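The numbers here are math on the coordinates, done by the rules we state, and not lab data. Only a predicted model underlies this, so the values are computations on that prediction, with no experimental measurement involved. No Cβ is skipped: glycine too gets one built from the backbone with ideal geometry, and neighbour counts run over all protein chains shown.
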Amino acid sequence: MVALATAGCAAAGATRGLPTPRPAVVRASGSVSVFPSPGTPTASPKTTISFRGATPAQLDAVTVKGSRSGKHAGRVVAHSDGRGASFVPTSAFTEGETVTVTTTLAVRGGDQGTFSFTTGRAAAGFGINQAPASTTTATPASEVAHFTSRPDLRPPKVTTAPNPTATASGDIFLTPNPALGQATTAQSGPMIVDGAGNLVWFQPQPPGTALDLSVQRYFGEPVLSWFRGAVSTGGTGAGEFVLYDGAYREIASVRAGNGYQADLHDFVITPQNTALLLAYNPVFAKASLIGQAHDRDVLDAVVQEIDIRTGAVMFEWHSLGNVDVDESYLAAPASITDPYDYVHPNSIALATDGNLLLSGRHTSTLYKIDRVTGTLDWRLGGKRSNFHLDSGAVFSWQHDIRPHAEDELSVFDNGASAPGVASRTTSRGLLLHVDEAALKVTTVRSYDNPQGALSLSQGDFQLLPNGDWFAGWGSVGQYTEFGPKGDVRLDANIGAASASYRAYRFAWTGTPTDAPAVGASADRTTIAVAASWNGSTKVARWQVFTGADRSSLQPVGSFARTGFETTMHVPRNDARVVEVQALGPAGRILATSAATPVK
């Protein structure tokens, strides 16, 4: 094991001066915030210019001029919350030029309403090219689920221990994909299972194209959200996030703005019904910008807040210009044309004070960003920590930063990034007390993986409504629920050489619009009837009907639901077709299958 001594020493040692300028100073410098922020060195040539705190009418007098492309006309898009608008240029800017914006507004960070930013130059040769899965591991047939009524569904099986009787309520939300370096005959895709690991809902997708299935609220209603797109071998994504309602119908897709593609790592719907997301921007960076001896290609970490209803960018932040390249613990690629993923942003969250919290995996640092101005407030952990961390609070290569009480943050501490590159022997979920006034961080609780596993990538740590903690162990294909005192209440493994980027537990009610599925086969005296209804959370019993044809169906039995698929045996009586009805807890008919021939 290679210890990250520098990570521990820097994070636990003396604090450094807080970043400047301070957010309060920038806020006080005007009444209108603009994005890209004044001075941004790597804005997209396809960028829009967002004004927060200005009305659409006030943008009529805005002048936008590129140092090479000249004056730009455009249109104005109002933000749906009534608190801002975006100037959308008619044509793109030129790479590497300075864009000057002249206004009559009190722009924060501007000079009497005038401000400028620079557009980035695209890195050469960067793309999302997903490598095929290895075939080094054969998938045991016993670890892949098969259903008579739904032969098209073949998800990995989930095994659980101990008996999940003392757990929190709710189902488990996963996105199984082949584990790193593994091959599987199981399908991938967004998947819900119950506390015992029984399938509730599954939508097969090509491997590596669906990640981070979650339940969020959009305009007060619960929705499913997940990433849909492509994933590179370096762990970056290019795609969008989709929203599904309780009937499993797509109601929205959310894309990054300004010419970027949404990254897979996180997606948060805010109480204002906007979306926080991440993007990776491959740019050519001058040595003077990155503090290095030579120019090179770099992955600029981008944070955006998107107006879901209009698609407008309401906020944008870039790591270049805010986070130095030498903060990274990841060695730079030998080739300067291989983009250096020096930050690797992997979670974004809304802090309790309304500002933003960003996790940088490759810097082993948590960043607080002012949501009004985009100003960097502080660093927690890593080489330039503004906080003193007690020895138990030091983390590395982490994922999933989440705020809880006013002064507490949880982190999934991977403790490793690759075989032989580790600061711990097991991964853990970590809850920290953060004293912003004293700049001190102490450990509240730390829960190690109960199987002693070390997760090299992915993972999350979720606080449940009953006080339990739920850890998804990422690359090792495992999830665990801990009691408030650290006792293991549920430990589960995802089979068939599959792993899930994250794992969550949420309350969920599913009411699919399609009909239940049924399959039936018979011997001389008995019909075996298999029934399922993919995604329904309300079925309590199944009523079975048989007959010579559809017009002669008669009820022959009622059976308690026993899992995703319930197998029931009824007398044959020369029946040629079978039909089932899904019944709710009070016996109400929820849905009826099609009449299916008996084989």
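Compactness of the chain is given as radius of gyration and Dmax, 26.5, 90 Å, from Cα positions. Put in order of Cβ neighbour count within 10 Å, fewest first, the listed residues Phe461, Phe545, Phe219 become Phe219, Phe545, Phe461. Stretching the chain fully between Ala28 and Glu221 yields a gain of 65.8 nm (0.36 nm per residue, less the alpha carbon separation). Note on the chain: lysine pairs with Cα distance below 18 Å, sequence gap of 8 or more or different chains, count 5. Calculated on the Cα set of the stretch 283-342, radius of gyration then Dmax: 13.9, 45 Å. Put a dot 7 Å past the Cα of Asp487, heading toward its Cβ, do the same for Ile251, and the two dots end up 3.9 nm apart. At 222 nm, what value in deg cm²/dmol follows for the chain if DSSP H runs of at least 4 each add -39500 (n - 2.57) and the sum is divided by all its residues, to the nearest 500? When only DSSP H runs of four or more count, the value is -500 deg cm²/dmol. From the alpha carbon centroid of the stretch 15-76 to that of the stretch 504-523 is 50 Å. Ranked for footprinting exposure by Cβ neighbours inside 10 Å, fewest first, Lys157, Lys65 give Lys65, Lys157.
Peptides 526-533, 449-456, 191-198, 566-573 ranked from most to least packed, by the mean per-residue count of other Cβ atoms within 10 Å: 526-533, 191-198, 449-456, 566-573.
Set the Förster distance to 56 Å, then compute FRET efficiency between Thr114 and Thr443 from the Cβ-Cβ distance, nearest 0.05. Don't skip to the end; give the middle numbers.
Working: r = 48 Å, r/R0 = 0.86.
The calculated FRET efficiency here is 0.70.
Reported to the nearest whole Å, the Cα centre-to-centre distance from the stretch 422-449 to the stretch 389-409 is 5.
At 0.36 nm per residue, minus the direct Cα-Cα distance, what do Thr592 and Arg572 gain on full extension? Give it in nm, one decimal, please. Before the final figure, lay out the partial values.
Details: separation 20, 0.36 × 20 = 7.20 nm, distance 2.04 nm.
Result: 5.2 nm gained on full extension.
Here is the size of the stretch 517-597 from its Cα atoms: Rg then Dmax, 11.7, 35 Å. Between Thr513 and Ala124, the simple spin-label model (points 7 angstrom out along Cα→Cβ) gives 5.0 nm.
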